[in-house]
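The values are calculated or read from the model by the stated rules, or taken from the named source; none is laboratory data. These figures come from a predicted structure and were not determined experimentally. Cβ coordinates were reconstructed from backbone atoms using ideal geometry, including for glycine residues, and neighbour counts include every protein chain displayed. Accessible surface is based on the protein model in full, side chains and every heavy atom, while ligands, DNA and RNA are left aside. Shrake-Rupley method; radii C 1.70, N 1.55, O 1.52, S 1.80 Å.
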Amino acid sequence: MRLFQVAAVLAALTGPAVGSELPSSAGTLSITPMARGLEEPWGLAFLPDGGFLVTERDSGRLLLFAGPDAEPVALSGLPKVAAVGQGGLLDVMVPRDFAESREIYLSYSVDGFRNLATALGYGRLSEDGTALERFRQIYRMPLGGRNGQHFGARIVEALDGALFLTVGDRGEPDLAQDFGRDNGAVLRMARNGDIPADNPFASSWSAPRVFSKGHRNPQGAALDGEGRLWIVEHGAQGGDELNRVEAGRNYGWPAISYGLNYDGSKIGVGTEKAGMEQPEHYWDPSIAPSGLAVYSGRMIPQWAGDFLIGSLKFDMIARLDADAGMVEERLSAPETGRVRDVREAPDGSIWFLSVYDGAVYRMAPAGK
């Protein structure tokens, strides 16, 4: 869909936008459309001035919305992406120092001869808000692959300013246990892509940005209130996982799993193996998790510390109650079709991307 078509759709939303009301454990929640007319929206991030950014996977566009009623600007200066399979323009991250640096980080897939790979880069938002200037790629998988699946690609800024980037197994499960490869890993690097001196494997591994291994396809990542990293990742047939990620740990894929292969056969040795971590929560059957927020409680105090996870399969947002042993509440409404990303906005409302609707939605207690 071209930019003028997106603008026309948004123009229809000016004035009071009406969405669903959703009953929940926190009372009635109102869902309001913030933007529509998007093509395969994948990543969402907020700007400190009240604007927000959305990536479109297939088109490779990064759209800047100055506010809920603003027409989008398709930023120029973006990298060329390989929209192959599950690849394309993926996540977007605005660092905490944006007001000074104006940097915006993007993850995306790039192509080479038999080398489709996850990459990370950044540019500086121009003063007029129309372009990413001097875009620089700071990371690309040294060895990619032919498969167009399992890119991972969520970006998180750690409290110390380092970057975490999730990378899937790229459709080659055994490489998630190859400690000389970046496949099936959470990577940690400096803002310019350099290897931090305190990375756990920087001096001993041939993949020195690796922070943890044994992941299948992590498509959600976030910090909790204490600055600890959490991810959600796709299993096979069953076995989607929520993991608290710690340095130097092996999370097991494909040696252990709570799921089965798609032909019904067993994966690895079962659900446990010495030296491999157990998930904090797993789903069977799979929900196909994508997007993760650890909620602060700012607008809904009773949900403080809970996990909000989008589902690409069951058209809902899963809330895991951390204080009650990860008891799950499923938040489902007409708008929660194939939820790709979930974020907490600066005001404490919950925003999410619906692939089916091609839309950004805001969810908050009625009247807020």
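Evaluate the range 90-101: report whether one residue or more is within 28 Å of ARG362 (Cβ to Cβ), buried (at least 21 other Cβ atoms within 10 Å of the Cβ), touching a helix residue (DSSP H, G or I) at 6+ places or on another chain (Cβ under 7 Å) and not aliphatic (A, V, I, L, M). No, that holds for no residue.
Of LEU22, LEU10, LEU63, LEU29, all but one fail to be open to solvent by less than 50 Å² (accessible area, probe 1.4 Å) and modelled with pLDDT under 95; the exception is LEU10.
Checked against (1) open to solvent by less than 10 Å² (accessible area, probe 1.4 Å); (2) within 27 Å of THR271 (Cα to Cα); (3) not basic (Lys, Arg), MET189 passes all but a single condition, namely (2). Among residues of the range 345-364 that are over 18 Å from ALA288 (Cα atoms), those with a beta-carbon under 7 Å from a residue that is open to solvent by 20 Å² or more (accessible area, probe 1.4 Å) and of a type in the set (Val, Ile, Thr) at least six positions away or on a different chain give the pairs TYR361/THR32; ARG362/THR32. Would you say GLU277 is without any contact (Cβ under 8 Å) to a residue 40 or more places away in the chain and part of a loop (DSSP other than H, G, I, E, B)? It is false that GLU277 is without any contact (Cβ under 8 Å) to a residue 40 or more places away in the chain and part of a loop (DSSP other than H, G, I, E, B). For the range 322-336, the criterion of being open to solvent by less than 50 Å² (accessible area, probe 1.4 Å), part of a strand (DSSP E or B) and over 13 Å from SER25 (Cβ atoms) is satisfied by no residue at all.
For the range 225-233, the criterion of being in contact with a Leu (Cβ under 8 Å, 6 or more places away or on another chain) and outside any strand (DSSP E or B) is met by at least one residue.
Among the residues making up the range 301-321, those that are outside any strand (DSSP E or B) and either exposed (fewer than 14 other Cβ atoms within 10 Å of the Cβ) or of a type outside the set (A, V, I, L, M) (or both) are PRO301, GLN302, TRP303, GLY305, ASP306, LYS313, PHE314, ASP315. Residues being within 20 Å of LEU47 (Cα to Cα), among the aliphatic types (A, V, I, L, M) and open to solvent by less than 50 Å² (accessible area, probe 1.4 Å) are represented in the range 130-147 by at least one member.
The number of residues in the range 217-268 being over 19 Å from GLN149 (Cα atoms), among the charged types (D, E, K, R) and either buried (at least 20 other Cβ atoms within 10 Å of the Cβ) or touching a residue at least 40 places away in the same chain (Cβ under 8 Å) (or both) comes to 1.
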